[in-house]
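Read through the structure below, which is laid out as structure tokens, and then see the notes.
The values are calculated or read from the model by the stated rules, or taken from the named source; none is laboratory data. Predicted model, so just to flag it, every value in this text is computed and none were measured. Counting neighbours? That spans all protein chains shown, and the Cβs are built from the backbone with ideal geometry, glycine included. Only protein heavy atoms, including side chains, enter the accessible area calculation; ligands, DNA and RNA are left aside. Shrake-Rupley method; radii C 1.70, N 1.55, O 1.52, S 1.80 Å.
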Amino acid sequence: MSDRLIEVGISSRHGAGDTMSHSAVATELVETALKAIDTKRLPVRCVMLFATSDWCQAGEPLPGAVRTALRSLLHYDVPLIGGSVPEMYCSTDPKPHIRQGLAMVALCTKELWMSVEFLEKPYEGSDQERREKLTDLAGRLEQSAWSRLGASAERALFGILPGPFTDASGERSFRDFELYDDILGAFGHRYFLNGASAADAIPATTGYQFANDRLLENGLAIAIYQHDLKIATMMAHGFTARPGVRLIVDEIAGSESTSYDVTKLDGIPAAERVNELAADFSTLQKPVFGAPFGGDHQLVIPLGSFPYGGSSVRLSRKVAVGDVLYLLQASLDQANAAGDDVISQTTRTFERSNEGSVKDESELSLLFGFACLRRSLLFEGFHRTWRQRLDVTKARLPGVPLLVLLSSAELGLDGSRRRRANHLSVSLTSFSDRYAPRAKARELQRKLLEAESALTACETPRQVMQAALEGAVRSGATGGQVCEVERSLKKILGGPLGAYLKLGDPHPRWDEIHSLTDLDAVDEPEELPSELYDYAIPGAPVTTGPSGSTKSEDLLTLVMRTRHAIYVEDSSDPRFRRYTRIQEVGIPRVQVAIPLLAPKGRVIAMLQLSFRDIDKLDRESFAMWVAYGDKVAEALHRAQAEEERQTTQKISSLGNQIMQRSNRVPRNRRARTS
């Protein structure tokens, strides 16, 4: 059985949405995406759905059709989020560049949960009304997304924002960066927001959003997700300020302190100044400005057709009088290099391990991201080069699904882990088949649970010991031994009564350690040395408190005497040196020793395990190993009791046979014999 944490189902379809049955296509998408996945072992936790705008304008609402198909196949509801994009690249499709069609991604895992909500027409009404609605939405999401995975899980937001729209005056507007700030504020700035602004075409005029069964236009689809997976995300744009060229905002439209409409820049009409700068300096098809942001820039795009007529210019971000804007520059190669860096940064941990060896690429389960459609409006040759780069990535990571979508704006984290919402960027997220560092204990927990289940099939004490060591090695130990406590001899003995297991590494040599284990067994519980108090967990209730240092003795004797499991962080440390032994065979530097207790607290055996020298066990992980020792003790005690019962039964049966044979001897024969 596969032990993968996540499986990704991906499917796509070329064609116009107004010529096909949405229900039939939805069923095909779902069946194709999930046909190779055991959804009983790994449930479908969320679906991301993206389509060109023709699929959003005709027929049955697409997200409802997909959810119906999922419900029919799985018999439960799956959270769904997505929206419209003008183009997409899906590496699993025979023709990966999709100009008209749709794509679906299903994340199948037990290590992620998602809850989806929506807000219709967030730009209708006042700013205050919008913020109040967002606060209510945030409360609903927080309530539905209670901590299902525990304290180790990371939380974040994923959203598809409205995109460009036509305002009440009939002019093109873009306000998603303002909405982005409002969303973060509604959640108390506790999470970062990943995602993009929807788009229908190049250039974009509107955007559609999918939120569960709902299809929205210029709405907000927002999800909160929690996960224990290793997920990397990054975005970048590649633009820099042209030296010595900057603009001062002298006048804005309206009576508010900030506005999207600028009437004067550098003391002259804004449209005139922008046209001058573009003619004199810009090598782009349209000027791009930037507001300073900690060594980088928040990109500001003049909306509408260039060159600009009239006096005012509408921008994609609000500005205030006195703000400084810089004229930005970038070549197509520089912009593409920023995208290459994003791909490199989000995938490099999967290409090589810390030791430099090539890693199994199956650990990388999905590459998913957005690229700004405005790049195609600024750079000639953009479409050709972005497809080429994605083809290269596909070839470099064969078997890894890659889905990249064009969008109006991108949301995520930059290379300095700052929360960003920007234009002209490339944003990429990688999903791995690994636990996140903060969820390391979850991985250990899963492996130890699997090891515990193997103990139930054991029938003899020897089988229990061997299975316990094999399960420990699969869970991260490098070897170890189980030693029986022989009370008649008052000894803790290794071979031949116990068992040992070692990996190929010659250190530590558990075969020699096991053969030399012949130690004193102390049956009455005694106090724990105070110097080890922070490295010990009681295996049974104890009434004595910590004491001072004691005479040198072996670790296993100490563990039995105190009834405490002990974690040795470094055997060469003076705190542990007096409790280590057999220096000539190479003692484990990092190890744990756990007393295996019968139900009434009697020590029946000892479990001693080694780990890599670079391993460190935190308190939570150490406690899991101690709990594993408890399960081993239960299985061992059960097997010993059964072995004793069978032995007693055999002796009793043999005695009965002797008595029966004696009774069958003829009386006269017994007399002659006597």
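Below is a table of values for the structure above.
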item: From phi via Karplus (6.51, -1.76, 1.60), per-residue ³J(HN,Hα) for the range 296-308 in Hz, x at Gly/Pro; result: 10, 9, 8, 6, 10, 10, x, 8, x, 7, 10, x, 8
item: Principal-axis tilt of helix 127-144 within the chain, Cα atoms, nearest 10 degrees; result: 20
item: Among 118-127, 105-114, the order from most to least packed when residues are scored by Cβ within 10 Å on average; result: 105-114, 118-127
item: Relative contact order of the chain, pairs being alpha-carbon contacts under 8 Å that are 6 or more residues apart, as %; result: 11
item: q = 0.08, 0.10 Å⁻¹: log10 I(q)/I(0) that the Debye formula gives for the chain, counting C-alpha atoms only; result: -0.74, -0.95
item: Entries in K35/K631; K40/K447; K490/K600; K394/K440; K40/K502; K35/K110 that, when Cα-Cα distance is taken, lie over 27 Å; result: K35/K631; K394/K440; K40/K502
item: For q = 0.10, 0.15 Å⁻¹, Debye-computed log10 I/I(0) when each Cα of the range 178-325 counts as one equal scatterer; result: -0.46, -0.97
item: The range 198-248: C-alpha gyration tensor shape, a/c 1.5 cut-off, then a/b vs b/c; result: oblate
item: Inter-label distance, nm, simple model (7 Å from Cα along the C-beta direction), L516/R462; result: 2.6
item: The chain - percent of accessible surface contributed by carbon and sulfur, probe 1.4 Å; result: 50
item: On Cα atoms only, tilt of 332-351 relative to the major axis of the chain in degrees; result: 10
item: Mean Cβ count within 10 Å, highest first, over the residues of peptides 206-214, 646-654, 96-104, 456-464; result: 206-214, 96-104, 456-464, 646-654
item: The range 62-207: C-alpha gyration tensor shape, a/c 1.5 cut-off, then a/b vs b/c; result: oblate
item: FRET efficiency, E643 to W146 (Cβ-Cβ, R0 41 Å, nearest 0.05); result: 0.30
item: Leading residue at positive end of dipole, the chain (Cβ point charges), from G310, A36, F239; result: A36
item: Length-normalised contact order for the range 384-424 - Cα pairs under 8 Å, 6+ apart - percent; result: 25
item: Theoretical FRET efficiency, 1/(1+(r/R0)^6), r = Cβ-Cβ of I248 and E60, R0 60 Å, to 0.05; result: 0.70
item: Cα long-axis angle, helix 440-455 against the chain (0 to 90 degrees, to the nearest 10); result: 40
item: Cα-based equivalent ellipsoid of the range 1-82: semi-axis lengths in Å, sorted from largest, via gyration tensor; result: 25, 12, 11
item: Span from the the range 587-632 Cα centroid across to the the range 93-168 one, whole angstrom; result: 44
item: Over the range 211-346, relative contact order from alpha-carbon pairs under 8 Å, at least 6 apart, %; result: 34
item: Shape of the range 396-546, Cα gyration tensor, a/c cut at 1.5; result: prolate
item: Base-10 log of normalised Debye intensity for the range 374-426 (one unit scatterer per alpha-carbon) at q = 0.17 Å⁻¹; result: -0.70
item: Highest average packing first - 555-564, 389-398, Cβ atoms within 10 Å; result: 555-564, 389-398
item: Per residue solvent-accessible surface (Å²) - the chain, probe of 1.4 Å; result: 44
item: Sites V392 and S126, calculated FRET efficiency, Cβ-Cβ separation with R0 51 Å, nearest 0.05; result: 0.60
item: 222 nm mean residue ellipticity, helices alone, for the chain (DSSP H n ≥ 4; -39,500 (n - 2.57); rounded to 500); result: -10000 deg cm²/dmol
